[in-house]
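Enquirer: I have a structure here, written as structure tokens, and I will follow up with some questions on it.
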Amino acid sequence: APATWSRLPKVALLAAIIMFRRHSEITMLVVLVAAPIASVLKGQGWPMWITATAHWMLAAVAGAAALRLVGFEDTVHFIAATAVLVAVYYAAGPLLGTWLQSRLSDVPVRISFRSQNRFAIPAMAAGILLALAWRTAALQPAALKLADGTLVVDVGIALAAVTRGRPAWLFKAGGRIPDRPALAGGALLVIGLIAPLPWSWLLPLGLATAAGAWAVSQRALPILCCAIGAFCNEVVRAVNGGFMPVEGSGLMSGLGAANTYVVAGPRTALAFLDDRIHLPAPLPGIASAGDVLIAIGLAWLVAAVVARRHVTRGQQAHEQLATEPAA
């Protein structure tokens, strides 16, 4: 199957090289963590873990070398280096994967290229946008939140792989999430990032309330956990003039958005819900109680979805074996 061939995590790895271009060891850490988790998600054995890790490390080294060769200090060189990096990744991803699959299997080149190239361009575009968001001061907090969310997703995948879907009651995520309302909710969150007060907190607060009500009706506990966390974050912002209070003035410099955060003080309302929890490595900075609930809910939801996929595949394989003797 095409899933057994080593594909690059184009968004995570491409953005990691651009974002951490001065710290190549962080990119290598991303590779060493992401490659085995991706292989577990695909149901691959340890030989493919090693192969995928080697493949990704090769692409990371080539990409970092190309980025440094072109230069990235000013905007023009940054765009040029990003274009070169995309070309390197496309060659190391879909093109190399197509060549390997066609040489080592009976799959025709045309079919292999189609499967390898299915999500290549959109995924690379997402990686470029993430890197540009990191380079833009106003969007750095959103980029950091997305990076934190990626780590939480990895935790959910690892949890599902380790427990193999047991206990089953823990991985019940409720009914199917409707696509259009989910897309509309994502659009509202993006608008909330750039909207003026009070819409910057009012939009996500309304979305958290609606998502929580839907989760209660569907008994979707992971989504309910995320909704409660988001509700806590937006409530504390609402009662503090639309800003998230942060415990410690020395931490404000690393947050990057003066229109979002404010230093907490004796007059801070609902201070127990502000950013005061110091996170352990590799998670950076501090978090609120709402952030912790959102992280737990997201990891729980990802684990439930991954576990459900493995159970569905197991049932399909069992049904296929059961029907073969009858045939």
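The values are calculated or read from the model by the stated rules, or taken from the named source; none is laboratory data. The shown structure was predicted, so the numbers you read here are calculated from the model rather than taken from an experiment. Reconstructed Cβ throughout: ideal geometry from the backbone, glycine too, with neighbour counts over all protein chains shown. These area figures cover heavy atoms from the full protein model, side chains too; ligands, DNA and RNA do not enter into them. Shrake-Rupley method; radii C 1.70, N 1.55, O 1.52, S 1.80 Å.
Enquirer: Could you put R276, R219, R267, R135 in order of accessible surface area, largest first, with the 1.4 Å probe and the full protein assembly present? Each step should come with its number before you reach the end.
Expert: Values: R276 100, R219 190, R267 225, R135 80 Å².
Solvent-accessible surface, decreasing: R267, R219, R276, R135.
Enquirer: Output the peptides 105-111, 186-192, 302-308 sorted from most to least packed, where packing is the average of other Cβ atoms within 10 Å over each peptide's residues.
Expert: Details: 105-111: 11.6, 186-192: 13.7, 302-308: 21.1.
Per-residue mean Cβ counts within 10 Å order the peptides as 302-308, 186-192, 105-111.
Enquirer: Further, regarding this structure: With Cβ to Cβ distances under 14 Å as the rule, what net charge do the other residues near A210 carry (K, R +1; D, E -1)?
Expert: Values: positive: R180; negative: E234.
That sum, taken over residues with Cβ under 14 Å, equals 0.
Enquirer: Highest mean first, what order results for 233-241, 176-184 on Cβ atoms within 10 Å?
Expert: Values: 233-241: 20.1, 176-184: 10.8.
Top to bottom by mean Cβ count within 10 Å: 233-241, 176-184.
Enquirer: Using a 1.4 angstrom probe and counting only protein chains, how large is the accessible area of W99 in Å², to 10?
Expert: Roughly 130 Å² of W99 is accessible to a 1.4 Å probe.
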